[in-house]
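Each value in this text was obtained by applying a stated rule to the coordinates, not by laboratory testing. None of these values were measured; they are calculated from a predicted model. Backbone-built Cβ (ideal geometry, glycine too); neighbour counts: all protein chains shown.
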Amino acid sequence: MSDLLWQRAAAFAARAHAGQMRADGRTPYFSHCARVAMIVASEFGCADERTLAAAFLHDTIEDTPTDYDDIEGGFGKVVADCVAALTKNHALPGPARERDYDERLAAASWQARLIKLADAWDNWSDVGARGGKAKGIKRCKRALALVRQDAAKHAELEVE
């Protein structure tokens with residue numbers, strides 16, 4: 001039995017984030033990656049292996065020594081491009097970094113934006129549980145704006 005792409009991505013992300021913790025100081029960071037992939041699959045109904053792999057890997061370039069070439073070599077260009085779109089450029093100063101990130105995400109695939117929505121949802125749920133909702137709400141609103149752009153392209157979907 002061969003490993004599925006998302007299973008290999010989950011194992012890679014778990015190793016890459018080993019020792020990292022969420023802001024509460026108790027929860028292993030990898031749990032966030034797993035929750036994002038679970039939201040993509042269970043809440044949004046996306047079973048595409050490359051999208052699920054990118055969901056598991058979405059923070060590896062930004063938060064670990066992993067680079068684009070590592071992701072591309074292990075999981076292919078589509079997954080690597082998606083993860084890169086979800087990675088902020090920390091070489092830029094704060095406001096410029098956020099503008100660059102928003103512009104790249106707006107130009108990225110719908111899969112990247114779906115993962116971003118799942119990421120925002122999980123972060124908001126996590127931050128909300130600790131009482132710091134303002135930042136999470138802002139992130140969710142930005143992600144929802146991108147999803148509405150995608151949904152507006154499909155007449156069969158109702159967009160509010």
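Relative contact order of segment 1-56: 42 percent, from C-alpha pairs under 8 Å at least 6 residues apart in sequence. Taking amide hydrogens as placed 1.01 Å from N in the peptide plane, the amide H of MET21 sits under 5 Å from those of TYR29, each at least 5 positions away in sequence or on another chain. Karplus-derived 3J(HN,Hα) values for segment 5-18, using 6.51 cos²θ - 1.76 cosθ + 1.60 with θ = phi - 60°, are 4, 5, 5, 5, 5, 4, 5, 4, 5, 4, 5, 5, 9, 3 Hz; glycine and proline are entered as x. Placing pseudo-labels 7 Å out from each Cα toward the beta carbon at ASP69 and ALA23 gives an inter-label distance of 3.5 nm. Please list, by residue number, everything in segment 62-98 whose backbone N is under 20 Å from a paramagnetic label point 7 Å out along Cα→Cβ of ALA34. In segment 62-98, the label zone of ALA34 (backbone N under 20 Å from the point 7 Å along Cα→Cβ) covers 63-64.
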